[in-house]
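The values are calculated or read from the model by the stated rules, or taken from the named source; none is laboratory data. This is a predicted model, so every value here is computed, not measured. Neighbour counts are summed over all protein chains in view; Cβ atoms, including those assigned to glycine, are modelled from backbone coordinates with ideal geometry.
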Amino acid sequence: MATQPVPQNVDPAALLNAAPDDEFALVELRLDWPYDLDVYPKHKQLWLRCFVITQDPLGWIADRGDAWTAVTLEDDVLEVDLYLTVDIVRRTIEETEGNLAAAIGRYASTVMAAALEREEELLEGDYPNRAARGEVPRLLEDLDGDHGSFGTPSIQARRSWSTIGLGALTDLVQHAFGHVDLDRSNVTLDPVEPADEECPACKGHAFGYPSSLEDAKQTMCEKHKAAAVAVNTARLLRARESNPAGWRAVDKAVMRVNKAPEPYYAPQPPRVVGETPARNEPCPCGSGKKYKRCHGA
């Protein structure tokens, strides 16, 4: 499903009502609060991105809920991504008497308030892993609290419906399994000799990872094609080693989104602190082995 441009002044509620029924798709909403709010973080710019998805690609996990967050640190930006299912948005709209801004704002203001309160903790970098293990509260923990300082944001649609991509999948996996260290930065390959006039890498082009790099390989010279393969292999290996269960979850979710045959294993999130699997239960890492023959050995 290709991303379609959003018509000017489109009603976000109408866009949500047009959600595709049989696809794993998402739409990004832009949320704006008044500029005079004294709620900005001390050290970093806080950027909240809000996505609505048609269905959860990690639906094999029990009790997943309908709302999740992911945290990313990059340069001077502390980015928090909020994901909501279209079903929970519709139910919350009914509870707020048809007010989409109030419905989305309930979740968004909770996340903003929690991120500001826990800024130092988030900046330490290990929050996603600790949250997945149940060592620290989730950013949506205080959903029923009072976040009136934010009021209700104005909402616009940034993009129309598109297929859930790798970035969103790793965010959703982060919420359940902790951080998966997949480098998604653009790729620029080193010059080679002799240069090929038809090769985009020889021309110095940068490639989005992973899809643009994969597509561009078809027109690369042999040396740059090999270099692209090496970059991809190194990044995937690093991701796999950083979080084996999380990477297996990414792999299964990618297959599910693309309606391809899925791996038979169903990785499970880390046990909440204090819980230990029974020896004959499947290992949470998703290896398919019993716990006593895997991480419980």
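Of note:
- Among the residues of the stretch 218-241, those that are farther than 21 Å from VAL173 by Cα and among the polar types (S, T, N, Q) comprise GLN218, THR219.
- Annotation: ALA228 fulfils all but one of (1) touching an Asp or Glu at 6+ places or on another chain (Cβ under 9 Å); (2) of a type outside the set (D, E, K, R); (3) under 28 Å from GLY59 (Cβ atoms); the unmet one is (3).
- A search for C-beta distances below 7 Å between a residue of the stretch 210-235 that is over 20 Å from ARG184 (Cβ atoms) and any residue that is loosely packed, with under 15 Cβ neighbours inside 10 Å and of a type outside the set (Ser, Thr, Tyr), counting only pairs 6+ apart in sequence or on different chains, returns THR219/GLU198.
- When VAL173 is tested against (1) more than 19 Å from TRP68 (Cβ to Cβ); (2) modelled with pLDDT of 95 or more, just one condition goes unmet, and that condition is (1).
- Taking (1) charged (D, E, K, R); (2) at pLDDT 75 or above; (3) in a loop (DSSP other than H, G, I, E, B) in turn, ARG279 satisfies each apart from (2).
- Checking each residue in the stretch 197-254 for being more than 30 Å from PRO282 (Cα to Cα) and of a type in the set (Ser, Thr, Tyr) picks out TYR209, SER211, SER212, THR219.
Condition check ((1) surrounded by 14 or more Cβ atoms within 10 Å (Cβ to Cβ); (2) not acidic (Asp, Glu)) across all residues:
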position	(1), (2)
ILE155	yes, yes
TRP161	yes, yes
PRO191	no, yes
GLU198	no, no
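- Residues in the stretch 196-220 that are small (Gly, Ala, Ser) and either at pLDDT 95 or above or part of a helix (DSSP H, G or I) (or both): ALA201, GLY204, ALA206, SER211, SER212, ALA216.
- Test result for LYS223, in a loop (DSSP other than H, G, I, E, B), at pLDDT 95 or above and over 17 Å from the mean Cα position of the chain (by Cα): no
- Verdict on GLU74 being over 19 Å from the mean Cα position of the chain (by Cα) and surrounded by fewer than 15 Cβ atoms within 10 Å (Cβ to Cβ): no
- Hey, GLU121 under 27 Å from ASN243 (Cα atoms), touching a helix residue (DSSP H, G or I) at 6+ places or on another chain (Cβ under 8 Å) and among the charged types (D, E, K, R) or not: yes
- Looking across the stretch 43-77, just one residue is farther than 24 Å from GLU121 by Cβ, in contact (Cβ under 8 Å) with a residue 40 or more places away in the chain and outside any loop (DSSP other than H, G, I, E, B), and that is ILE53.
- Residue within the stretch 84-93 that is in the same structural domain as ARG159 (by TED's automatic domain parsing) and assigned to a strand (DSSP E or B) present: yes
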